Amino acid sequence: MLELIIVILITGILSFMAIGRLNDIGEVNAHGFAEQIASTLRFAQEAAVAQRRLLYVNVNASTGVVNACLDSSNACAQPLAAPGGFLPGGGSLSVQAPGGVALSTNAAQFSFDGLGQPSTSTQIQIHATASDGQQFTVTVEPTSGYVRRS
């Protein structure tokens, strides 16, 4: 009988911990958002090389939006079209932070040139932070334009 009570007690403790972990989806949302940002930046870089032109990336931390544009305006009057498979029916290449995820960056706007190199000489970092403080970072290297997620 004592063994049965101990097993029930341990099962209760484990299930309580699992339910608490399942209810915290903020970290999962932040991780997914960081992956979307990295994909958007990689596609914008590849499009700049393919079209041999400047493509601009706007990071709006207050609205939580990252978008790729053909123009340098912060309003993104000419958004870069997403490939058909990226978004249902195409659309503009833009990602929005889900609820509970904060966006921050050290470069509100930068561009990729026809060689895929970013316009800044410093490393660009874009952070997606979950409500529990867990942070996921997308980095664009200054010389090569290599986009990585950490």
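The values are calculated or read from the model by the stated rules, or taken from the named source; none is laboratory data. Everything quoted here is computed from the prediction, not taken from an experiment. Heads up, the Cβs are rebuilt from the backbone with ideal geometry, glycines too, and the neighbour counts pull from every protein chain shown.
Assorted remarks:
- Residues satisfying the criterion are absent from the stretch 34-50 (criterion: part of a loop (DSSP other than H, G, I, E, B) and free of Cβ contacts under 8 Å to residues at least 40 places away in the same chain).
- Matching residues in the stretch 111-136 - criterion: being surrounded by fewer than 17 Cβ atoms within 10 Å (Cβ to Cβ) and not in a loop (DSSP other than H, G, I, E, B): Q125, Q135
- Of everything in the stretch 24-69 that is of a type in the set (A, V, I, L, M) and surrounded by fewer than 18 Cβ atoms within 10 Å (Cβ to Cβ), the residue that is farthest from I124 (Cα to Cα) is I25.
- Annotation note: of Q109, Q125, the sole residue that is in contact with a strand residue (DSSP E or B) (Cβ under 7 Å, 6 or more places away or on another chain), of a type outside the set (A, V, I, L, M, F, W, C) and touching a residue at least 24 places away in the same chain (Cβ under 8 Å) is Q109.
- Just so you know, in the stretch 1-33 the residues that are within 20 Å of G64 (Cβ to Cβ) and not in a helix (DSSP H, G or I) include one that is modelled with the highest pLDDT, and it is I25.
- Failed condition for A77, given (1) modelled with pLDDT of 85 or more; (2) farther than 18 Å from T137 by Cα: (1)
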